[in-house]
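Q: Below: one structure in structure tokens.
The values are calculated or read from the model by the stated rules, or taken from the named source; none is laboratory data. Bear in mind the structure is a predicted one, so any value in this text is a computation, not a measurement. Positions of Cβ are backbone-derived with ideal geometry, glycine not excepted, and every protein chain shown enters the neighbour counts. Note: accessible area is taken over every heavy atom of the protein model, side chains too, but ligands, DNA and RNA are not part of it. Shrake-Rupley method; radii C 1.70, N 1.55, O 1.52, S 1.80 Å.
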Amino acid sequence: MDQQHDIVIVGGGIIGCSIAYHLATTTDLSVVLLERSKLTSGTTWHAAGLVAELRASPNLTRLAKYSGALYETLQNEGEALGFNRIGALTVARNDARAFELKKQAAMARHNGVTCQWLDGAALAERWPHLYTDDLTGGVYMPNDGQTNPVDATMALARLARRAGAEIREDTPVLELIADGGTIRGVETAGGFIAANKVVVCAGLWSRALGAGVGARFPLYPAEHFYAVTESVTIDGDTPIVRVPDDGVYIKPDAGRLLIGCFEREAKPLDPDSLPADFSFGELPFDLEHFAPYLEAGLARIPEAANVGIRTWFNGPESFTPDGRYMLGESPDVAQLYVAAGFNSIGIQSAGGVGHVMAQWLVDGHAPMDLWEVDVRRFFPFHNDNHYLVARTAESLGRLYAMHWPYFQYTSARDQRRSPVHDALAAAGACFGELAGWERANWYGEPGSKPTYAYSYERQNWFEHARAEHRAVRSDVAFFDQTSFAKYSVSGADACRYLDRLSTANMDVPPGKIVYCQWLNERGGIEADVTITRLTETRYWVVSAAASAVRDLHWMHRHAAGFAVDITDITADYAVFGVMGPNARRHLQPLTDADLSHELFPFASAQTIDIAGTPVHAARLTYVGALGWELYVRRDAAAGVYRALTGHPIRHAGYHAMDSLRLEKAYRHWGHDISDEDTLLEAGLSFTADWDTNFIGREALVAQKARGLERRLTLFRVMDDVTLLTHDEPVRQNGKPVGHVVSSAYSYQFDCSLAFAYVQGEAGFSRQSVIDAEYTIEVGDREVPAQASLRALFDPENAEIHC
């Protein structure tokens, strides 16, 4: 047995076997898969085997569709997977759920998923054996199916072996071995196996394996229940039925029915409570916990009401804090990858995940925008045991809960706070959570304790945000922006280093602020940042809160060969925004510094005193108004806050900010721009200094010569009622050309605004984008919209240069 391999895969469930299959059939790399017991013995063997095509986003839907196509292809080629496209029906018991399902159906059709909305009467006629009296309707997806998880895994393993991969069962990995921050291999009972790259696909055991080398894979197991009835005869075909309002799914199972659930409050499972040799294992069944869901499932098919139960099953599944699986290279250990935390959708995800992970391992980057499942989205606090236990109890149930716009988890909160958090609460803040930060999303009346009332219509904060917006556009408002990710880059090569990373020229005078992007070699946008030169050898970089781990990973990866020191200073500083046409009038009495436009121009920074405290003042804006971002040492933040709010000023939150920034067509990394969107496609070429040798320049030059095939475009909905969220299909002259990537209601123009990428023929003109007629599909309605490639508010930037 060879003890040196290009890639070692740890874990022989369907995920690991799919990665092995795709690597073996598409590369000449030396691949070995190590399974501690037998293939599928962890959690794959007891999966329900559902293979759905629709997921929460277009790219994850692409991966799920690939899985179904792969299973179907392999079965048609003679592999016995037990795959069958029996169709699936997801039903609604109320109007809000019906609207949500119609939105999902619109996104599904746009991404090539066949689906149909049926009202309650049509459901009753099509499937008379279903109880439909309490149903508003449902979405039918005829190409959804099921497979035998064990057979599918064995087929992938068999084909991987045939293509040259080595698969070793009964070979437990005792620990991962890393040196100098890079993975070197794995230690097994049979000795050390060296590897250039290691992929952890060990399910609920992945977190413990990663911890041994300092890699954070935040997932936690929970008990997952289902029951299988005795044989039942049902007249007509029976698709998979999901009743999310009841937390129940039902699937035909060899003449029987399997009834499973995603309960509202799950039962986290201490992984240390499992025996070391846990293999094909089950957990004690909790009938009291499962009974309400079993009753709901049996009631949905009255013919099964009096049928006995053949199997009671409870087994562990692993869940992540946000309900999305994790892929990619660890930011903590180079060349260590993970594919784990599948939240009970591992079977339907495995084919697509194997496909993209194989490419990721070979190329060193994801083949598409996979930020929503990238392991770098997680922070250290996510891996805390207490956090994971509390969040897992809630996150499992979120799989079938309503996916309300602006929904906020209630568990495991207060991980990171602004130093003026309590003062904001007293001012009426309603907090939302992002990257662990408690952030004021909107404000009720001072002294109140506002909470969200969720809806797909105007929520209870809508008019509060309007007032906050009005203050920014006509007077002045205070924002707490402490959650910004902040880094110090210093050293003899700081300028040369940032010049290489950044699209703009970094050799600017001290005090100058530069807005720019960091690109990958393909021209895609890895980060959207502002950089301030403080001295000849020191800079500050400011980025989005959610991308801090990713940013630092990117910075350190490219620091080799440069004499630079990179420090995360996020926790050291509070950030206060004072924004609006009266911002100067509000701030000037608080400082001796001259804040005039002549002495303190836009995109410049100075150290000024406020309330006797040195403050790094940056004249910037993300809301399209005159204003300053004030960076204050954390221990001095309370005093500066009191000074800033000692005179009348309205507090404003992130909902108002989102409206304001869309009116100015300001991009948001992770929604509007990503690593698969180029600088040219995003309309950000104005940030590029083409005379510098920034990463990605060559790709942009080549793309410019070819001509663009897609362009980020701002849309204005032509009514004052429609609200958008994301992923709504966009049609140009009746033809699908894109989907909404972000949106907000504009209080300035009394309509919804949205960004979407418009597809076109290579070299299509700006004018052709603007002149076309557009509609946006919202639920079951086509809503007229107007396109723009400029900001709708103050396109000449007069408001910020005054």
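Q: Given the range 308-347, what strands (runs of 3 or more DSSP E) lie entirely inside it while holding 1 or more residues that are open to solvent by 10 Å² or more (accessible area, probe 1.4 Å)?
A: Output list reads 309-319, 326-329.
Q: If the Cβ limit is 8 Å and pairs must be 6+ apart or interchain, which residue in the range 713-730 that is open to solvent by less than 10 Å² (accessible area, probe 1.4 Å) pairs with which residue that is in a loop (DSSP other than H, G, I, E, B) and not charged (D, E, K, R)?
A: THR713/LEU789; LEU714/ALA665; LEU714/LEU789; LEU714/ALA791; LEU714/LEU792; VAL717/LEU724
Q: How many residues are within 21 Å of ALA56 (Cβ to Cβ) and either touching a residue at least 60 places away in the same chain (Cβ under 8 Å) or open to solvent by 10 Å² or more (accessible area, probe 1.4 Å) (or both) when one looks only at the range 739-753?
A: The qualifying residues number 5.
Q: As an exercise: evaluate LEU89 against (1) more than 25 Å from LYS735 (Cβ to Cβ); (2) among the hydrophobic types (A, V, I, L, M, F, W, C); (3) surrounded by fewer than 21 Cβ atoms within 10 Å (Cβ to Cβ); (4) touching a residue at least 24 places away in the same chain (Cβ under 8 Å) and give the number of the one condition it does not meet.
A: (3)
Q: Another question about this same structure. Picking from ARG62, ARG55, which residue would you name as being among the basic types (Lys, Arg), out of contact with any strand residue (DSSP E or B) (no Cβ under 9 Å at 6 or more places or on another chain), more than 16 Å from THR153 (Cα to Cα) and crowded, with 21+ Cβ neighbours inside 10 Å?
A: None of the other options fit; the residue is ARG55.
Q: Follow-up. For the range 369-378: of the residues being assigned to a loop (DSSP other than H, G, I, E, B) and either of a type in the set (A, V, I, L, M) or open to solvent by 10 Å² or more (accessible area, probe 1.4 Å) (or both), which is nearest to ARG417 (Cα to Cα)?
A: The selected residue is LEU370.
Q: May I pose another question? Where the second residue is acidic (Asp, Glu) and assigned to a loop (DSSP other than H, G, I, E, B) and the first is under 20 Å from PHE755 (Cβ atoms) and open to solvent by 60 Å² or more (accessible area, probe 1.4 Å) and lies in the range 784-802, which pairs have Cβ atoms under 8 Å and are six or more apart or on separate chains?
A: These pairs meet every condition: PRO784/ASP719; PRO784/GLU773.
Q: With within 14 Å of LEU156 (Cα to Cα), within 28 Å of the chain's Cα centre (by Cα) and open to solvent by 30 Å² or more (accessible area, probe 1.4 Å) as the only criterion, which of TYR71, TYR21 stands out?
A: TYR21
Q: Is there a residue being touching a Lys or Arg at 6+ places or on another chain (Cβ under 8 Å) and surrounded by 14 or more Cβ atoms within 10 Å (Cβ to Cβ) anywhere in the range 631-647?
A: Scanning the range 631-647, I find at least one residue that is touching a Lys or Arg at 6+ places or on another chain (Cβ under 8 Å) and surrounded by 14 or more Cβ atoms within 10 Å (Cβ to Cβ), so the answer is yes.
Q: Still on this model: Do you know which residues across the range 232-289 are farther than 20 Å from THR392 by Cβ and polar (S, T, N, Q)?
A: Once the filter is applied, which keeps residues that are farther than 20 Å from THR392 by Cβ and polar (S, T, N, Q), the range 232-289 yields THR233, THR238, SER279.
Q: Residues that are closer than 27 Å to GLY49 by Cβ, of a type in the set (Val, Ile, Thr) and open to solvent by less than 50 Å² (accessible area, probe 1.4 Å): does the range 174-188 have at least one?
A: Looking through the range 174-188, none of the residues is closer than 27 Å to GLY49 by Cβ, of a type in the set (Val, Ile, Thr) and open to solvent by less than 50 Å² (accessible area, probe 1.4 Å).
Q: What tally of residues in the range 753-769 results from selecting those that are in contact with a His (Cβ under 9 Å, 6 or more places away or on another chain) and under 12 Å from SER788 (Cβ atoms)?
A: 3
Q: If you go through the range 249-292, how many residues are open to solvent by 30 Å² or more (accessible area, probe 1.4 Å) and of a type in the set (Ser, Thr, Tyr)?
A: Counting residues in the range 249-292 that are open to solvent by 30 Å² or more (accessible area, probe 1.4 Å) and of a type in the set (Ser, Thr, Tyr) gives 2.
Q: Can you report the number of residues in the range 679-694 which are touching a residue at least 24 places away in the same chain (Cβ under 8 Å) and surrounded by fewer than 19 Cβ atoms within 10 Å (Cβ to Cβ)?
A: Adding up the residues that qualify gives 5.
Q: Then there's this: Does ALA563 satisfy the condition of being open to solvent by less than 30 Å² (accessible area, probe 1.4 Å) and in contact (Cβ under 8 Å) with a residue 24 or more places away in the chain?
A: Considered against the rule, which asks whether it is open to solvent by less than 30 Å² (accessible area, probe 1.4 Å) and in contact (Cβ under 8 Å) with a residue 24 or more places away in the chain, ALA563 comes out as no.
Q: Just to check your reading of the model, which residue among ARG439, ARG470 is in contact with a strand residue (DSSP E or B) (Cβ under 9 Å, 6 or more places away or on another chain), surrounded by fewer than 22 Cβ atoms within 10 Å (Cβ to Cβ) and either more than 26 Å from TYR631 (Cβ to Cβ) or at pLDDT 95 or above (or both)?
A: Only one candidate qualifies: ARG470.
Q: A follow-up question, please. Among (1) surrounded by fewer than 20 Cβ atoms within 10 Å (Cβ to Cβ); (2) part of a strand (DSSP E or B); (3) not polar (S, T, N, Q), which single condition is ALA617 missing?
A: (1)
Q: Read through the list (1) under 25 Å from ILE19 (Cα atoms); (2) not in a strand (DSSP E or B), then give the number of the only condition that PRO292 fails.
A: Here PRO292 meets the rest and fails (1).
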